[in-house]
1. Out of A531, A524, A512, A485, I need the residue that is without any contact (Cβ under 8 Å) to a residue 40 or more places away in the chain, under 23 Å from M682 (Cα atoms) and not charged (D, E, K, R). Which one?
2. Look through S687, S665 and report the one residue that is without any contact (Cβ under 8 Å) to a residue 12 or more places away in the chain, farther than 20 Å from C548 by Cβ and part of a helix (DSSP H, G or I).
3. For the stretch 78-93, how many residues are closer than 10 Å to P183 by Cα and of a type in the set (A, V, I, L, M)?
4. Keeping to the stretch 285-319, report how many residues are in a loop (DSSP other than H, G, I, E, B), open to solvent by less than 40 Å² (accessible area, probe 1.4 Å) and touching a residue at least 40 places away in the same chain (Cβ under 8 Å).
5. Can you tell me how many residues within the stretch 431-459 are without any contact (Cβ under 8 Å) to a residue 40 or more places away in the chain and open to solvent by 10 Å² or more (accessible area, probe 1.4 Å)?
6. Which of the residues belonging to the stretch 487-513 are open to solvent by 60 Å² or more (accessible area, probe 1.4 Å), of a type outside the set (S, T, Y) and more than 24 Å from Q456 (Cβ to Cβ)?
7. Limited to the stretch 463-515, what total is found for residues that are under 19 Å from Y709 (Cβ atoms) and of a type in the set (G, A, S)?
Amino acid sequence: MAGGEGTRLRPLTSNAPKPMMPLANRPMMEHIVRLLKEHGFDDIVVTLAFLPQAIRTYFGDGSEFGVRMVYATEESPLGTAGSVRNAMDELTERFLVISGDVLTDVDLSELVRQHDERKALATIGLKAVENPLEFGIVITGTDGAVERFLEKPTWGQVFSDTINTGIYVLEPEVFDDIPEGVPVDFSSDVFPRLLDEGKPIYGQPMDGYWEDVGTIEAYTKAHQDVLDGKVDVEIDGFRVAEGIWLGEGAEVDPGAHLEGPCVVGDYCRVEAGAQLREYTVLGSNVMVRSDAFLERTVVHDNAYISEGVRLRGCVIGRSTDLRRGARCEEGVVLGDDCFVGEHAVINPGVKVYPFKTVEPGAIVNSSIVWESRGARSLFGRLGVSGLANVDVTPELAVRVAMAYATTLKKGSTVTISRDSSRAGRALKRAMMAGLNAAGINADDLEVAPVPVTRFQTVTEHSQGGITVRLVPGDPQSVVIRFFDARGIDIDEGAQRRVERYFHRQDFRRAFAADIGDIGFPPRALEYYTAALMRSVDAEAIRSAAFQCVVDLGYGSTSFVMPNVLSKLGADVLTVNPYAQTAGAAAFDGRVHAERVAELVRTAKAHVGAVIDPDGEHIILVDDEGHVLSNDEALLALLTLVTSVHEGGRIALPVAVSRAAERIASEAGAEIEWTKLSTPHLMEVAASGGIALAASQEGGFMFPAFLPAYDATATFVNVLALLARTGLRLSKVVSGLPRVCVAHETVVTPWEQKGTVMRTLVEAMPDEELVLVDGVKVVLPNGWVLVVPDPDEPVTHVWAEGGSDAEARALAQDYARLIRQQLR
């Protein structure tokens, strides 16, 4: 399979197919062809798509490599299975599928032997890897039979580190389940279908080396592994000393210094004074002039390295010209045919697109046309966040906005808002510039609560939404959050699309006449208030004549709450009723709640509430002045909602107490468990038929109005529920079951997270497991939930027991088990 574009390897693959990327001066695909021949596969069909002629020209009919090679070209992308079916006329007997763009020396003969011995329809080559996020996870039984597939999981879904390598042994009958001419994948379509049909599919763990050379980091690591002998492949050239290879016709001046392992390709010339340090690989016909210094650097064919050039941890494309004194720092990648002028400095991580010029003396800090960064550096748990004007700058805001805009159709509209901070204002303006530049219109709500932004996105039929705000509890940091057309947080798939455009800077740029416009929607707050009042029994609330104390937390909810309160007929004491950046930045919900509790007791009010500055989360205070914990608030609202909506569905994260199940069950309601992530909770809330969705941090959703956190809507619904049931909140709270949940964290290196989850699953073959998010072990008197953190190198352990001591002991036991696995 050699049709990949290798987008993550750009700019190296901008004008060459990924299988033709050189590894130790041979194309990756040539290493695969040699491996196939070594194991007796001499009849090879090559599936092509991107720049097919480059591969056809190099390999021809395969006779030069001792094999027969034919080609099948896709006119349009057909997926992994579709591309193989495109070549089915050549595949009339048992055959092996392997990618032409990986580096491996696994025992293919053993894989075929296991396939034949088990009389399998399909056998999948498996490998344990450190980071399984970019691969498909495969779970097998003790006999090797495949039990479950999971494609490209999030950390919360990682329950194994055993992945699908894309190496398969298949019988021709598999084509019966692959439709013709449409995109179909083996891992996400064909194999799950065969599994459902009860066909014999097996997984076979493979010894040996296997590396998906999909990123620049993996590409440089693969070179180091080749030179270290970790993978059994042939290196061209004569081994003149320990770890030093010279190609045919290479000239190395005796005054040059070579330090192995390193490779000097055919017809290279290395002058006196030049230093080639460890893990340096020169392609064919490379010139290295005097006093140049290269370390951990891969240089492709025909490059020119002038006097005094310093390259450390770089990849240099074909025919690139670096002039005297130029310097490239760690992680720099130069595409083909670039020119770098004298004494120019290209700083770490910069990537330069092919055919570009860097002026003499220039200092380049950002990529020219193309760049790449680690996936975890853009989206975090909240969104795109970091120190204002340091990590999250206006320049970054423009690029992120253009990346998001590129995922939408030109001419679409995005609703955008901010909080009252200066940082929010500056970055929102930059975001609007980015949206407009990509041909997207911006509806500017200026300062507005997050729920109003979501509501406006939905009701005005915007195609997306953005809000820019200070990070709660951190006045120096900001967060940029993105919503889809339903007003809910974009999911992981949409985040990946934004990241892909952002990393590659492959943005859509509108022509002058198509640049987007900026609008200012009128009466957004009034429309929001009217819709909220229509979603509840406002007359019942007015009839109840509630007395309330509400703290608005110096947030932008102060713009909408007066309209809402005026419709309720309640006697409301409002605290901190105006937007103030300093007050919002110093907001501490529990401190504010204690002040509200005092006022509730003094005024003998029916209910108190503290709304966070963003308008999403709420802390409730009952009529006795008791501040409800997050667990109490969740169970209290669950009790009220299920008493009114009999037989309804409730969406809750999988870490919520079993007490919620008991309350729902007694009311005839059904709980739908969700992941811990807010986007997934919102996704389920928006799916229809959900009466209430709630988090464990004081966030509540009433999807009949808006399937997203909304503290104002929560406050109004609490009043409506109390009015309808005739209950006091303190009465509801006093009847709640006690919750005994403990939490532990275990520091877990990123590369061991998958291993931890796999070992945990394997250690409990007889336990009842719930794999909604992480691994939840259901026990007779409680449960334990183990979830890898998506942002930090830690693993979370939650446990519930019959008492606080039992819960704490359970959590500590499983945390200890994880630490033992890490030794």
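1. A485
2. Only one candidate qualifies: S665.
3. Residues that pass the stated criteria total 2.
4. Count: 3.
5. Total satisfying the criteria: 1.
6. Across the stretch 487-513, the qualifying residues are R496, R500, R509, F511, A512, A513.
7. Residues meeting the conditions: 6.
Yes or no, residue by residue, for (1) in contact with a Pro (Cβ under 6 Å, 6 or more places away or on another chain); (2) of a type in the set (S, T, N, Q); (3) open to solvent by 50 Å² or more (accessible area, probe 1.4 Å); (4) within 20 Å of E130 (Cβ to Cβ):
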residue: L194; (1), (2), (3), (4): no, no, no, no
residue: M206; (1), (2), (3), (4): no, no, no, yes
residue: D225; (1), (2), (3), (4): no, no, no, yes
residue: D253; (1), (2), (3), (4): no, no, yes, no
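The values are calculated or read from the model by the stated rules, or taken from the named source; none is laboratory data. This structure is a prediction, so every number in the text was calculated from the model and none was measured. Quick reminder, even Gly has a Cβ in these numbers, built from the backbone with ideal geometry, and neighbours come from all protein chains shown. Please note that ligands, DNA and RNA were not included when accessible areas were found on the heavy atoms of the full protein model with its side chains. Shrake-Rupley method; radii C 1.70, N 1.55, O 1.52, S 1.80 Å.
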